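First up is the structure itself, then whatever we jot down about it.
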Amino acid sequence: MKMGDLIFVGLALLTVIPGFMVVFSRNIVHAGFSLLFTLLGVAGLYALLGADFLAVTQVVVYIGGILVLVLFTVMMTRIPIGIRRRGLDVHVLAGIFALALFGLLYKVITGTDWPVQAPTMATATTAEIGTNFMTNYIFPFEYASLLLLVAMIGAAILIRERRLEPEEIDRMVSATPAQETEPLDTATPTTSAETGTERAAASTGIAETGATSTDADTDAGSAKAASEEEERA
């Protein structure tokens, strides 16, 4: 087996095996990192076929941009753990769709008369693609740019908060029912000086009551002592 065949087999395994891990992994973070190796394998296959522009685009756009965004979004989002909604019906439908897609691809691959050419030295295609973009395909290139610009403007308009007109604000205020307020107590509020006077009078009354009870106890004790002395005499 030649070196090119070994490189192709290695890149094919690097693409297919992480692809299965993406599909069958129960951890979404592991699936995202497995997708990283799958995209790397696809970029290697593009480079092996001499499509240097597609290889660089695969690495810069898909791996450097989209995949990093997906991983950051996944890791910064709280994913509920323990909630599994995978039933038998879901697996059956997915299996039928996968088999149908595999059969369609197999039919297209085996039924197409692919042109066979002698292997040639791979040449750079980036310069040729750039030249065609600026000469032969300048109008489709500009149309695609305008389409992307319209999409960006539409997204900005959709997420922008709309300001309410003064008439709409007045209509909303008039439609809102008036809230009933509790009547205020019209009694004269008690000042702090009056409160302090009342407290002092209450404490004075308590002291006088204590003194009166003490005098009564003293008189009762004297009368009891006098009666004991008369009994002894």
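Bear in mind these aren't lab numbers, they're just calculated from the coordinates by the rules spelled out. What you are looking at is a predicted structure, and each value in this text was computed from that prediction instead of being measured. Don't worry about glycine lacking a Cβ; one is built from the backbone with ideal geometry, like all the others, and counts go over all protein chains shown.
For Lys2, Lys107, the sequence from fewest to most other C-beta atoms within 10 Å is Lys2, Lys107. Model label sites at Ile159 and Phe141, defined 7 Å from Cα along the beta-carbon direction, differ in position by 2.9 nm.
Evaluate the Kirkwood expression for the hydrodynamic radius of segment 1-78, namely the inverse of the mean inverse distance over all pairs of different C-alpha atoms, and round to one decimal in Å.
Taking every pair of different Cα atoms in segment 1-78, averaging 1/r and inverting gives 13.1 Å.
Across segment 1-78, the mean sequence separation of Cα contacts (distance under 8 Å, 6 or more residues apart), normalised by length, yields a relative contact order of 28 percent.
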